[in-house]
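Peer 1: Let me give you the structure first, and then I'll get to my questions.
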Amino acid sequence: MIEEMSIKVNNVQFVTVENEEKVHIHFRGMDPAGQLDLNGYIPVTVQDYEKDASLEGMSGLVKNKLMERLA
């Protein structure tokens, strides 16, 4: 189901958590029928962020992290 969700990145924050640099990717997701709405942020490493900082790349990263967390 998450693979089919439309993910829109709406903010990116660079933060320091316990002396470690992180990136919080804030997003909003919606299923194709418009019935499920999901929003929040996914914390990733700076290295993961820098691999593909495009909107498409970040959306894919968010989807992958969501599937890991919900598995």
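No value in this document is a laboratory result; all are computed from the given coordinates. In this text the structure is predicted, and so the values were computed from the model without any measurement. FYI the Cβ positions are ideal-geometry reconstructions off the backbone, even for glycines, and counts take in every protein chain you see.
Peer 1: Could you go through segment 55-65 and let me know if any residue there is in contact (Cβ under 8 Å) with a residue 40 or more places away in the chain, in contact with a Gly (Cβ under 8 Å, 6 or more places away or on another chain), surrounded by 16 or more Cβ atoms within 10 Å (Cβ to Cβ) and part of a strand (DSSP E or B).
Peer 2: no
Peer 1: I want to confirm something. Restricting to segment 28-43 and keeping residues that are out of contact with any helix residue (DSSP H, G or I) (no Cβ under 6 Å at 6 or more places or on another chain) and of a type in the set (A, V, I, L, M), which single residue is surrounded by the fewest Cβ atoms within 10 Å (Cβ to Cβ)?
Peer 2: Once the filter is applied, the top-ranked residue is ALA33.
Peer 1: Give me a count of the residues in segment 13-27 that are surrounded by 15 or more Cβ atoms within 10 Å (Cβ to Cβ) and farther than 13 Å from LEU61 by Cα.
Peer 2: 1
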